[in-house]
Amino acid sequence: MGTDWLKKPIKGLLLDISGVLKNGDEVVNGSLIALEKLRFSKLPFRLVTNETQSTKAALVKELNKLGFNINEEEVFAPVPVVVKMLEKNKLRPFLLVHKQVLKEFKDIETSDPNCVVIGDAGQNFTFDNLNKAFRLLIDLPEPVFFSLGSGKYYKEKDGLTLDVGAFAKALEFSSGVKPRVIGKPDPTFFLAAVEDMNLSPSEVVMIGDDIESDVGGAQACGLRGVLVKTGKFRPGDESHPRVKPDAIVINLYQAVEMVLNSPETLS
């Protein structure tokens with residue numbers, strides 16, 4: 001395994017949640033102690049997630065129930081970001097999102113929609129709902145389309161599951177409207193978390209299980225990207241045609257051990 005990624009100072013970490021800390025409601029092996037070690041070391045970290053099936057508060061509550069000691073301020077998720085954008089631009093969305101997150105949009109006007117917002121809607125991804133989104137996009141004179149992430153799939157307890165990116169691509173193909181991605185791999189999403197730690201991208205490493213959104217997205221905006229062999233990882237990811245991880249590790253625990261024991265981190 002290459003160690004060049006450890007030869008430059010690492011002053012902070014960005015961590016994915018699904019597939020890195022947990023799969024569904026199961027803790028990924030080694031992740032609890034990895035977080036404990038990070039807390040003890042005082043090395044700052046932020047959790048950057050495309051999770052849109054629950055509110056940020058509910059996600060943090062779930063993580064803490066599993067044994068992680070997480071604060072809401074440490075979590076960067078797409079829904080609060082898009083809510084602010086809707087408010088700022090006076091947009092009225094057609095919401096194709098999971099029922100658990102509808103409460104996050106309670107102060108947003110949704111009558112006579114002039115844009116579409118889709119997240120990981122789960123069972124709400126019906127033909128009727130997708131068709132409503134399609135008709136709106138194709139009929140609007142100036143269509144606006146937000147996709148909360150662009151993942152192809154993610155790992156649940158019972159196996160791989162289609163993610164929002166698949167449905168966003170279907171709507172884009174049919175309507176001709178390209179979505180604005182809120183979440184990974186959008187550079188502004190990574191950089192907001194980096195800036196929150198008062199660091200520069202070159203000082204931060206992203207650790208995730210998605211070769212494209214996590215690793216490729218992070219590298220594209222100047223971070224180092226480390227791929228874990230947990231969650232949605234597939235053997236073919238190691239030979240991805242475009243994205244070359246700075247390192248591939250067994251799990252978060254191994255990555256954290258390598259970071260905390262590197263001379264550049266300790267200096």
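At a temperature of 37 °C and a viscosity of 0.692 mPa s, determine how fast the range 1-115 diffuses translationally according to Stokes-Einstein, using the Kirkwood radius over alpha-carbon pairs as Rh; express D in µm²/s, rounded to the nearest whole number.
The estimated diffusion coefficient comes to 202 µm²/s.
Distances longer than 16 Å among the Cα atoms of the range 207-267: what percent of all pairs is that?
42 percent
Rank these by accessible area, largest first, 1.4 Å probe: GLU156, GLU109, GLU73. Spell out each step's value before the answer.
Working: GLU156 55, GLU109 100, GLU73 135 Å².
Ranked list, largest accessible area first: GLU73, GLU109, GLU156.
Where a Cα-Cα gap under 20 Å defines reach, which lysines qualify for LYS8, not counting those fewer than 8 residues away within the same chain?
Qualifying lysines at Cα under 20 Å: LYS42, LYS244.
Taking every DSSP beta bridge that has both residues in the chain, what percent is antiparallel when rounded to the nearest 5?
The antiparallel fraction comes to roughly 20 percent.
Return one quarter of the surface area of the convex hull spanned by the alpha-carbon atoms of the range 53-197, equal to its mean projected area, in nm².
Numbers: hull surface 37.6 nm².
The Cα convex hull of the range 53-197, projected and averaged over all directions, gives 9.4 nm².
Keeping all protein chains in the complex and leaving out DNA, RNA and ligands, what accessible area do you get for ASP246 with a 1.4 Å probe, in Å² to the nearest 10?
Counting only protein heavy atoms, ASP246 exposes about 60 Å² to solvent.
Just need log10 I(q)/I(0) for the chain at q = 0.10 Å⁻¹, Debye formula, equal scatterers on the alpha-carbon atoms, no solvent, rounded to two decimals.
-0.49
Along the three principal axes, how long is the range 102-147 when you take its alpha carbons, biggest first, rounded to the nearest angstrom?
29, 26, 17 Å, listed from the longest principal axis down.
Would you mind checking the tilt of helix 164-175 against the longest principal axis of the Cα atoms of the chain, expressed as 0 to 90 degrees and rounded to 10?
40 degrees
Please compare each pair in LYS22/LYS90; LYS103/LYS178; LYS22/LYS132 to a cut-off of 32 Å on the Cα-Cα distance and tell me which ones are over it.
LYS22/LYS90; LYS22/LYS132
Taking just the alpha carbons, could you work out the radius of gyration and Dmax for the range 128-267, both in angstroms?
In Å, with Rg to one decimal and Dmax whole: 17.7, 59.
Give the accessible surface of the chain per residue, rounded to a whole number of Å², with probe radius 1.4 Å and ligands, DNA and RNA excluded. Don't skip to the end; give the middle numbers.
On the way: 12790 Å² over 267 residues.
Ligands and nucleic acids excluded, the figure is 48 Å² per residue.
Compute the distance in nm between two label points, each set 7 Å from the Cα along the Cα-to-Cβ direction, one at GLU238 and one at LYS90.
If labels sit at GLU238 and LYS90, their model points lie 5.6 nm apart.
Percent of accessible area on the chain owned by carbon and sulfur, 1.4 Å probe?
Exposed carbon and sulfur together represent 52 percent of the surface.
Would any residue of the range 116-147 have its amide N under 13 Å from a label point 7 Å out along Cα→Cβ of THR188? List them or say none.
145-147
Assign one of three labels to the range 111-206, namely rounded, prolate or oblate, based on the Cα gyration tensor with a ≥ b ≥ c the square roots of its eigenvalues; rounded applies when a/c is under 1.5, prolate when it is not and a/b is larger than b/c, and oblate otherwise.
Note, shape of the range 111-206 comes out oblate.
Ignoring everything but the protein chains, give the 1.4 Å probe accessible area of VAL144 in square angstrom, nearest 10.
So the heavy atoms of VAL144 present about 50 Å² to solvent.
Please work out whether the range 177-244 counts as rounded, prolate or oblate from its C-alpha gyration tensor, where a ≥ b ≥ c are the square roots of the eigenvalues and a/c under 1.5 means rounded, while otherwise a/b larger than b/c means prolate and anything else oblate?
The shape class here is oblate.
Mind checking the angle between helix 187-196 and the chain's longest principal axis? C-alpha axes, 0 to 90 degrees, to the nearest 10.
Result, in degrees: 50.
Ratio to report: Rg/Rh of the range 76-128, with Cα atoms as the point set and Rh obtained by the Kirkwood method; give two decimals.
When Rh is taken as the Kirkwood radius, the ratio is 0.94.
The values are calculated or read from the model by the stated rules, or taken from the named source; none is laboratory data. Worth saying up front: this structure is predicted, and the values here are computed from it rather than measured. Cβ atoms come from the backbone with ideal geometry, glycine included; neighbour counts cover every protein chain shown. For the accessible areas, the whole protein counts, side chains as well, though only heavy atoms, and no ligand, DNA or RNA atoms are used. Shrake-Rupley method; radii C 1.70, N 1.55, O 1.52, S 1.80 Å.
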